[in-house]
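Below is one structure, written out as structure tokens, with a few remarks after it.
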Amino acid sequence: MTASAKRNSTAEWQAQDRKHLHPFTDHAELGRIGAKVITKAEGTYLFDSDGNKILDAFAGLWCVNIGYGRKSIADVAHAQLLELPYYNTFFKTTHPPVAELSKLLVEMTPKQFNHVFYGLSGSDANDTIVRMVRTYWNLKKQPKKKTIISRWNGYHGSTMVAASLGGMNYMHELADLPLPGHAHIKQPYWYGDGGSQTPEEFGLAAAKLLEDKILELGAENVAAFIGEPIQGAGGVIIPPSTYWPEVQKICKKYDLLLIADEVICGFGRTGYMFASEPFQIEADFMTLAKGLTSGYMPLSAIMVADRVAEVLNSFGDFNHGFTYSGHPVSCAVAIENIRIIREEKMVETAHDETGPYLAKRLEEFKDHPLVGEVRSMGLVGAIELVKDKKTHKTFEPVGKVGTICRDHCVKNNLIMRATRDTMLLSPPLMWTKGHIDEFMKLAKI
Ligand code: PLP
């Protein structure tokens, strides 16, 4: 615990914090109950200012893949801060950590990706991709190709463009979003759609909605399609196996660029290094963040396919970039983080051992009268609560039961997240079967 954390009591921290603006927070409620003050973290446990030890089944915000408290990360960051704490990659400069990380990412990602651009967050990375998409079509002399199609309930970040790509109504309201040039189609949510077709039929039908939207808008006006391989914040929506190959075909047929937002899925979360592999996505852009540094430092990376990079590079300056693009400390941390993921075989363990074990244990919830479906892939999963298991009818108002369950977990010193009435988990990849057993004990009502 830092010296300042020791000095203050919970009430003092809360009083200092209360009037400030927090992301995705009901400030009236915050004022009433005060914030939970997290003072320390180790492995998969958080410690709060009241001395509680909390099991974090959400890896912070889907990001702390290697778990908390890794000394080697701190050592690497410390050494880099002394060696070269800051320099940029603007105006024909570079530095060793960024060059080394780019080499690593090109080796690790699908073969079409040989070019990297850096940002600080998933949101600014998606914003940058939209700018690249526009530049690409303008350089290809097809300036009408502007609209980007995405999915309802998709999440791509919080900047004006990223929130427009996203399909969260509550983020659009009051901010006059989405911005022009964005269109949305339904998410491939087999269970939520009633489950009357086979998943395979449903996957094809859900992909067909993309074709319908392209024909409605005119292919000459549509620039790209963006999607998370598995929708995370939208409820851990795992598409049927037929969905992505069909989406891929449609993008090819109508000459759309395809963007795979792997901000959550990347770096082992699904039991694969990138989820593009099992879902057979051959994208033109891949968005990476979160697991890239396991949240130890802010960093995002955009993987750009050769066919796009060739066009972008055919013109002079790409007039875009952030002061901290490719920050040396973030890049050094990312390299060490990837070393840990690989050396500790976290992806293989999530695929062969902990992922299947989690799937098996989640099945135990299925007998509960309120549990409609459980689903998982690797170490990302969901427990969907419904009013009627037969019809999949949801509760009214939607979200109330989810909030009650989330608060119940917090009381039990367990962090899960609720989307509508679905409980989500996305634990650190260093979880063992023992951690899964501990989770089951805490989560069971
Ligand atoms: N894309 C996806 C799939 C995400 O889940 C998120 C954040 O949760 C983002 C983009 C935005 O990332 P950031 O919060 O780093 O801006």
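The values are calculated or read from the model by the stated rules, or taken from the named source; none is laboratory data. On a predicted model such as this, the values are computed, not experimentally measured, just so you know. Virtual Cβ from ideal backbone geometry, glycine too; neighbours counted across all protein chains shown.
Brief remarks follow.
- Residue selected from the stretch 122-156 under the condition in contact with a Lys or Arg (Cβ under 8 Å, 6 or more places away or on another chain) and more than 22 Å from A207 (Cα to Cα), by the criterion nearest to the ligand (Cβ to nearest atom): G122
- Applying the set (1) part of a loop (DSSP other than H, G, I, E, B); (2) out of contact with any Gly (no Cβ under 8 Å at 6 or more places or on another chain) to I264 leaves exactly one unmet item: (2).
- Any hit, the stretch 321-337, residues being assigned to a loop (DSSP other than H, G, I, E, B), free of Cβ contacts under 8 Å to residues at least 60 places away in the same chain, outside the structural domain of L429 (by TED's automatic domain parsing) and more than 16 Å from the ligand (Cβ to nearest atom): no
- Residue identified as of a type in the set (A, V, I, L, M), more than 16 Å from the ligand (Cβ to nearest atom) and under 27 Å from M303 (Cα atoms) among L210, L174, L165, L204: L210
- When L46 is tested against the conditions (1) touching an Asp or Glu at 6+ places or on another chain (Cβ under 7 Å); (2) within 16 Å of the ligand (Cβ to nearest atom), the lone failure is (2).
- Summed over the stretch 6-38, residues that are of a type outside the set (S, T, Y) and in contact (Cβ under 8 Å) with a residue 40 or more places away in the chain total 3.
- For the stretch 136-163, a residue qualifies if it is under 16 Å from the mean Cα position of the chain (by Cα) and not β-branched (V, I, T), and the qualifying residues are S150, R151, W152, N153, G154, Y155, H156, G157, S158, A162, A163.
- Within the stretch 259-287, the set of residues being in contact (Cβ under 8 Å) with a residue 60 or more places away in the chain, within 11 Å of the ligand (Cβ to nearest atom) and under 15 Å from I129 (Cβ atoms) comprises I259, D261, V263, T287.
- Conditions (1) touching a strand residue (DSSP E or B) at 6+ places or on another chain (Cβ under 9 Å); (2) surrounded by 23 or more Cβ atoms within 10 Å (Cβ to Cβ); number of the one not met by I250: (2)
- The C-beta contact set for the stretch 112-123 (first residue assigned by TED's automatic domain parsing to the domain that holds L257, second residue away from the ligand (no atom under 16 Å from the Cβ) and part of a helix (DSSP H, G or I), distance under 6 angstrom, 6+ apart or interchain) comprises Q112/D306; N114/V106; N114/D306; H115/A309; V116/S102; V116/L105.
- Some residue of the stretch 57-78 being in contact with an Asp or Glu (Cβ under 8 Å, 6 or more places away or on another chain) and surrounded by fewer than 18 Cβ atoms within 10 Å (Cβ to Cβ): yes
- Answer from T287, T323, T293 - the residue that is in contact with a strand residue (DSSP E or B) (Cβ under 6 Å, 6 or more places away or on another chain) and either modelled with pLDDT of 95 or more or not acidic (D, E) (or both): T287
- Within the stretch 79-121, if we keep just the residues that are of a type outside the set (A, V, I, L, M) and within 16 Å of the ligand (Cβ to nearest atom), the residue that is surrounded by the most Cβ atoms within 10 Å (Cβ to Cβ) turns out to be Y118.
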